[in-house]
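> Quick one: structure below, then a few questions.
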Amino acid sequence: MNAYVFKIGNFGVRWYSLLILIGVIVGILLIEKEGKKFNISKDFLFNMAFWAIIIGVIGARLYYVIFNFNLYQNDLLSIFKIWEGGLAIHGGIIAGLIVIALYSKKYKMRFIRITDICVPSLLFAQGIGRWGNFFNQEAFGTNTTTAPFRMWSLKIHDTLAASADTLAAKGMDVDPNVPVHPTFLYESVWCILGFFILNYIVHKRRKYKGEVFLLYGIWYGLERMVVEGLRTDSLYIANTTIRVSQLLSAIIVVAFLVMHIINMVKLKKGTLPQRLSLATAPATANGANAESVEKIKDNNDERENEDVTNN
């Protein structure tokens, strides 16, 4: 595979960069489309996404460097050579969510409301971006001769041959001459499928505010728990055989699943906090119900946001 779309002299455009850019653009357009349905300012969402992407890339780089510091300790300036590769999606997601939380607080928007709208589109963008790994011939798994889809190339052969001792120390016996699992493909398909499922839930089956965000963590976490165990390029905790992303994904799945179950139980009992509720509440003395009050508050938040972003 040629990693470059085109190359002129020392300048070239990589498929990896192009596909990430396409994923970002498609993700933003989908978020803005969803925001319109919920009457949220387009300017607010675009500006938020702009900063979330920039800080997200920094977070993805820092996450990778922290768990691979031995690669950079003798040349600290190489930390900034992001074009040479080395991004971790978990770091990007964490940093992006921090930006969304701070941005939402600044403009008096509800964090859980914004994340419910954004995370389905994030999954779609992840699904597109993963194909950059295909053109780079990276993010592949261990050997397989039985999987419906398999991949192999000279670059994969050379990568496995060069890292055979390191992989063996982690308990993985690989043969450079045997095809491997296309783990990038597994994740891409899982993410795009998740987009359609969560998008359906947002509009048809959402039970409480914040539910889609929790389901995103559960859905994506389950995939990483399984697929990460197949990969040959995982980040590890120090000198252990514990994969960082696998452990973090397991923690997220358990935590988010517990919170989801608690919220569903409270919903069934009628004790779900009003800030999370989507259900119509009994009418108040002045004829308005709690849901109406909630909508009025949301509309006020939106108008305040529009005033800020339009000035």
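> Rounded, prolate or oblate: which fits the stretch 74-166, taking a ≥ b ≥ c as square roots of the Cα gyration tensor eigenvalues, rounded meaning a/c under 1.5, else prolate when a/b beats b/c?
oblate
> Add -39500 (n - 2.57) for each DSSP H run of 4 or more in the chain, then divide by its residues: what number comes out at 222 nm, to the nearest 500 deg cm²/dmol?
Dividing the helical sum by the residues of the chain leaves -20500 deg cm²/dmol.
> How far is helix 111-129 tilted off the main Cα axis of the chain, in degrees rounded to 10, range 0 to 90?
Tilt of helix 111-129: around 30 degrees.
> Can you work out D for the chain in µm² s⁻¹ from Stokes-Einstein, where Rh is the Kirkwood radius over C-alpha pairs, the temperature is 37 °C and the viscosity is 0.692 mPa s?
My calculation gives 153 µm²/s for D.
> I'd like the orientation of helix 244-269 relative to the chain: the angle between its Cα long axis and the longest Cα principal axis, in ° from 0 to 90, rounded to 10.
It works out to around 20 degrees.
> When the dipole is taken about the Cα centre of the stretch 193-262, and only Lys, Arg (+1) and Asp, Glu (-1) are charged at their Cβ, what size is it in debye, to the nearest 20?
Roughly 360 debye, rounded to the nearest 20.
> Full-extension gain between HIS203 and MET259, please, as 0.36 nm times their residue separation minus the C-alpha to C-alpha distance.
18.0 nm
> For the cross-link pairs LYS33/LYS266; LYS105/LYS269; LYS7/LYS81; LYS36/LYS209; LYS108/LYS269, which exceed 21 Å when the distance is taken from alpha carbon to alpha carbon?
LYS33/LYS266; LYS105/LYS269; LYS108/LYS269
> Please sort by residue number the chymotrypsin sites (Phe, Trp or Tyr not before Pro) in the stretch 93-123 whose DSSP state is loop and whose Cβ has at most 15 other Cβ atoms within 10 Å.
Within the stretch 93-123, no chymotrypsin sites (Phe, Trp or Tyr not before Pro) qualify (loop, at most 15 other Cβ atoms within 10 Å).
> Let me ask you something else. Using 1/(1 + (r/R0)^6) with R0 = 51 angstrom and r between the beta carbons of ALA168 and LYS108, what's the FRET efficiency to the nearest 0.05?
After rounding to 0.05, the efficiency reads 0.40.
> Determine the dipole magnitude for the stretch 103-203: charges of +1 sit on the beta-carbon of Lys and Arg, -1 on that of Asp and Glu, nothing else is charged, the reference point is the Cα centre, and the result goes in debye to the nearest 20.
Magnitude of the dipole: close to 860 debye.
> Measure off 7 Å from each Cα along the Cα-to-Cβ vector at HIS157 and LYS42, then give the distance between these two points in nanometres to one decimal.
5.2 nm
> Which value, in debye to the nearest 20, gives the size of the charge dipole of the chain about its Cα centre, when Lys and Arg are +1 and Asp and Glu are -1 at the Cβ?
960 debye
> Work out the FRET efficiency for PHE69 and ILE98 from their Cβ-Cβ distance, taking R0 = 30 Å, and round it to the nearest 0.05.
That gives a FRET efficiency of 0.85.
> Could I ask something else about it? When the chain is treated as a GNM, springs tying every alpha-carbon pair under 10 Å, which of VAL253, VAL212, VAL226 comes out with the largest mean-square fluctuation?
Residue with maximal mean-square fluctuation among VAL253, VAL212, VAL226: VAL226.
No lab work stands behind these numbers, since they all come straight from the coordinates. Since this is a predicted model, take the numbers as computed values, not measurements. Here the Cβ is made from the backbone with ideal geometry for all residues, glycine too, and neighbour counts use every protein chain on show.
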